[in-house]
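This report refers to the structure that appears directly beneath it.
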Amino acid sequence: MEIVILAVVIAVVLVGAVSGLVIGGRRKKQLPPAERPSATPTITTPPAEPRVGDEAETPRDESRRTIEEVDLPTAEAPAAPPAEAEPAPAAPEVEVPEPTEGRLVRLRARLARSQNALGKGLLTLLSREHLDEDTWEEIEDTLLTADVGVAPTQELVERLRERVRVLGTRTPQELRTLLREELLKLIATDAPRAVKTDNGLETPAVVMVVGVNGTGKTTTTGKLARVLVADGKSVVLGAADTFRAAAADQLQTWGERVGARTVRGPEGGDPASIAFDAVKEGIAEQAAIVLIDTAGRLHTKAGLMDELGKVKRVVEKQAPLDEVLLVLDATTGQNGLVQARVFAEVVNITGIVLTKLDGTAKGGIVVAVQRELGVPVKLIGLGEGPDDLAPFDPEAFVDALIGD
């Protein structure tokens, strides 16, 4: 009986549990309309800001600025680093030129190396035991080859023949002495060889340098400035060569080396005007000498030669022209004499400067040019160095020709 009762109870419990599950499933499938989700999502507003809505106060009357009136902050540009001051160009160092006294003697070895052929050739011929006509002809050829010129050669040979005949027996030392004396007579001139640097006036001495293209006028002018500064003279340079590119720069560089001022003008300017200004500046500075470098010109061009005469006339309106130095390339030999004649007709040449005498030049050109123009050789160039321009010393020159 108890078993029956327990079975009935279990059955009732099972029936009740099954019924509860069925009822719960139906409720989930059929929700009430109020609990069904809406088709459109509900948007909730964010929480109200303080002092908004019903709690807001009455707006105050406050002055407001538009965007145009507001000063917006500007981005500050980074501060530029302080500019470094450019270093001032260093002043050119002023050189102390080599003293001119005895300069040619110091350069004697250099001169002798290129000129010994003349002196040694003559001594060899004169030392022969018998001096017949063939030997004298050889002596003449040697002199002519050395650019001595026809007339001076004939004159020298005649004197040598006379003295050798009188001398009789000839020792090498006697021959050297004889030849030295005769060459000195041939080179000798009564005209002063020193460049005129004192005119006795209150104005500076004015020296104009002329010549054809390529003879080295500008370089010679710069070297001459060194010679004069070495002798204690104050110099003003006039760059009247306005046609050759960089001629004025070249002359100015020479001047700066020895502390001499250079007066220059525009490239292609009037050379007479620049020469005039240079002399005017020399007078104002109370300089001792004004050196005027002129443009190279072909001696065959009449217009260029006339222009050179114009430069001379314009300069003389300021001060007397004390020197006109003609620069000749010694290597051109007799061709240089043709140039010299034309220049002498246009301007009054007072002195000769022989450049490049250390190369293939023959020493006889010194004799020939003096005889041709009747003016002395005052300066000779013996190299490319700044102090290789020397005042001409006849004795030192002849000693270099014939050797020791």
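The values are calculated or read from the model by the stated rules, or taken from the named source; none is laboratory data. Given the structure is predicted, the values throughout are model-derived calculations rather than measurements. Here the Cβ is made from the backbone with ideal geometry for all residues, glycine too, and neighbour counts use every protein chain on show. With ligands, DNA and RNA removed, areas are computed over all heavy atoms of the protein, side chains included. Shrake-Rupley method; radii C 1.70, N 1.55, O 1.52, S 1.80 Å.
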Sparse-neighbourhood loop hits (GluC sites (Glu not before Pro), region 145-253; DSSP loop; Cβ within 10 Å at most 15 others) -> E202
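Quick one: net charge around T262, please, counting Lys, Arg +1 and Asp, Glu -1 for every other residue with C-beta under 12 Å from its C-beta.
-3
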Between the alpha carbon centres of region 138-160 and region 340-384 the gap in Å comes to 18
Once phi for every residue in region 175-182 is put through the Karplus expression 6.51 cos²θ - 1.76 cosθ + 1.60 (θ = phi - 60°), the whole-Hz ³J(HN,Hα) values, with Gly and Pro written as x, are 5, 5, 5, 4, 5, 4, 4, 6
Total charge of the residues flanking K196 in space, meaning their Cβ is under 9 Å from its Cβ, with Lys and Arg +1 and Asp and Glu -1, is -3
Once phi for every residue in region 322-335 is put through the Karplus expression 6.51 cos²θ - 1.76 cosθ + 1.60 (θ = phi - 60°), the whole-Hz ³J(HN,Hα) values, with Gly and Pro written as x, are 7, 9, 10, 9, 9, 8, 10, 7, 5, 6, 7, x, 5, 4
For region 303-344, shape from the Cα gyration tensor axes a ≥ b ≥ c, cut at a/c of 1.5 then a/b versus b/c, turns out prolate
In the structure shown, of K217/K356; K356/K378; K223/K378; K233/K310; K217/K317, the pairs separated by more than 18 angstrom at the C-alpha atoms are K233/K310; K217/K317
Shape call for region 155-254, from the Cα gyration tensor axes a ≥ b ≥ c (a/c under 1.5 means rounded, otherwise prolate when a/b beats b/c, else oblate), comes out prolate
Ordered by number, the trypsin sites (Lys or Arg not before Pro) in region 231-322 that occupy a DSSP loop and have at most 12 other Cβ atoms within 10 Å are K301, K317
Where a ≥ b ≥ c are root eigenvalues of the Cα gyration tensor, a/c under 1.5 meaning rounded, otherwise prolate if a/b exceeds b/c and oblate otherwise, region 120-192 counts as oblate
Simple SL model, points at 7 angstrom along Cα→Cβ for E285 and T203; separation in nm is 1.8
Whole-percent carbon and sulfur contribution to the accessible surface of region 222-304 (1.4 Å, no ligands, DNA or RNA) stands at 50
Charge tally for neighbours of P386 with beta carbon under 9 Å away, counting Lys, Arg as +1 and Asp, Glu as -1, is -2
